[in-house]
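Visitor: Got a structure for you, written out below as structure tokens; questions coming shortly.
What follows draws every value from the coordinates through simple rules; no lab data is involved. Just so it is clear, the structure is predicted and the values come from calculations on it, not from any experiment. Because the Cβ atoms are built from the backbone with ideal geometry, glycine has one as well, and the counts that use them run over all protein chains shown.
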Amino acid sequence: MDDSQIVTTPRSTAENFTRVAAHIGKVMRSQEGSIRKLMAAMLTGGHVLLEDYPGTGKTTLAKALARSISTRFRRVQFTPDLLPSDVLGVSIYNQRDQEFRFHEGPVFTNILLADEINRASPRTQSALLEAMAEGQVTVEGERRPLPSLFFVIATENPVEFRGTYPLPEAQMDRFAMQFSLGYVPEDEEVAILTAQEKGHPLDNLDACLTEAEVDRMREEIRAIRISEEVKHYIVKLAASTRGAPGVQLGASPRASIALMKAAQAIAAFDGSSFVTPDHVQELAIPVLAHRLVMDQQARFSGASARATIEETVKKTPVPA
């Protein structure tokens, strides 16, 4: 029997997720929740923005995921002088053939790490918009499709603002999730020191999942059942942010779609054949909070998008 004849079940998706999570966990300690969200975004066609302090493992997490799956991985260090062609690619004239030949940029990959994305100019940032939203890029008037598995992991530093260009609302809305890793407990940090005493565990990490297995997991996740009641619950959560006090711009319908798809992935990871309100609540903050724009007065008074989502989840009736 070849791979195309294998029928997967929610349990097989759960097993694959557990295997990959344990694999990445050899490098990223005490980050089970982050791995869970990262995998959910990747398997549902979304993208992730990691915003955290330097040295917390953002780049290491991206590399660990890429090494755990037998796919192509590229990293781009975003800088103020980076041009769109440095990301998308450029046509170069070949004197021997007397014709222009297109050289693909790093965006033509499966997993793309956009390191310190807010250091690039808005022009270069916007070069990723079409790729993230439509799975294609248009270079010199020609449409060029990207691989079916195309996953962007972008990072940014929340405390360093000199020489940076904040991501506009349209770009933020393209990210299915935004979350941080945070600092690990003291005993886990000691374990990290021990693990890296003679080398980096990332160097010994091999792939444990094939691209074909990833495709089967994505198909299984799309088949996870979600009731009309849970769909209405998701829409009510998103819609409530649009009129919440202090919110200038609420969550878009794209946010509702991202929350539904990510909840399906989480349900599959748990071995469930259907989505529950608990799955939705688990992802409400990482999916919705970064899309909100708080007005100036609300920010001065200490209000935050995260607190707004927390309050929205508390007030929205949960379907029985």
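Visitor: What residues of the stretch 254-294 lie in the reach of a label at Glu169, counting those whose backbone N is under 14 Å from a point 7 Å from the Cα along Cα→Cβ?
Guide: Of the residues in the stretch 254-294, 254-255, 290-294 have backbone N under 14 Å from the label point off Glu169.
Visitor: Each label point is 7 Å from the Cα along the Cα-to-Cβ direction; what then is the distance between the points at His200 and Leu249, in nm?
Guide: 3.5 nm
Visitor: Enter the mean projected area of the convex hull around the alpha-carbon atoms of the stretch 115-209, in nm², rounded to one decimal.
Guide: 9.5 nm²
Visitor: Here's another thing I want to ask about it. Per-residue counts of other Cβ atoms within 10 Å, averaged by peptide: what ranking do you get for 42-49, 305-312, highest first?
Guide: 42-49, 305-312
Visitor: Averaging sequence separations of C-alpha pairs under 8 Å and six or more residues apart, then dividing by the length of the stretch 3-223, give the relative contact order as a whole percent. Don't skip to the end; give the middle numbers.
Guide: On the way: 340 pairs, mean separation 71.4, N = 221.
Reported relative contact order: 32 percent.
Visitor: Let me ask you something else. Which value, in debye to the nearest 20, describes the size of the charge dipole of the chain about its Cα centre when Lys and Arg Cβ atoms bear +1, Asp and Glu Cβ atoms bear -1, and nothing else is charged?
Guide: So the dipole magnitude of the chain works out to roughly 520 debye.
Visitor: State, in angstrom, two size descriptors of the stretch 3-223 derived from its alpha carbons: Rg to one decimal place and Dmax to the nearest whole number.
Guide: 18.6, 63
Visitor: Related question: With only alpha-carbon atoms in the gyration tensor, what are the semi-axes of the equivalent ellipsoid for the stretch 236-283, in Å, largest first?
Guide: 25, 10, 7
Visitor: Dipole of the stretch 211-304, Cα-centred, from +1 at each Lys and Arg C-beta and -1 at each Asp and Glu C-beta, to the nearest 20 debye?
Guide: Roughly 460 debye, rounded to the nearest 20.
Visitor: Once every DSSP H run of n ≥ 4 in the chain is given -39500 (n - 2.57) and the sum is divided by its residues, what mean residue ellipticity at 222 nm do you get, rounded to the nearest 500 deg cm²/dmol?
Guide: Only helices count here, giving -13500 deg cm²/dmol.
Visitor: According to the Kirkwood expression over distinct Cα-Cα pairs, how big is the hydrodynamic radius of the stretch 224-320, in Å? Before the final figure, lay out the partial values.
Guide: Values: mean 1/r = 0.0740 Å⁻¹.
Radius from the Kirkwood sum: 13.5 Å.
Visitor: Please report Ser34, Ser121 as a ranked list, fewest other C-beta atoms within 10 angstrom at the top and most at the bottom.
Guide: In increasing order of surrounding Cβ atoms, one gets Ser121, Ser34.
Visitor: Now, a different point. Please compute, over every Cα-Cα pair in the stretch 17-115, the percentage with a separation greater than 19 angstrom. Each step should come with its number before you reach the end.
Guide: Working: 2515 of 4851 pairs.
That tail contains 52 percent of the Cα-Cα pairs.
Visitor: Next up: Rank the residues Thr18, Thr194 as a footprinting-exposure proxy: fewest other Cβ atoms within 10 Å of their Cβ go first.
Guide: Ordered by Cβ neighbours within 10 Å, fewest first: Thr194, Thr18.
Visitor: Straight-line reach from Lys231: which lysines have a Cα under 19 Å away, not including same-chain ones fewer than 8 places off?
Guide: Lys261, Lys314, Lys315
Visitor: Which of the chymotrypsin sites (Phe, Trp or Tyr not before Pro) across the stretch 98-162 are loop residues per DSSP, with 11 or fewer other Cβ within 10 Å?
Guide: Sites meeting the loop and neighbour criteria: Phe161.
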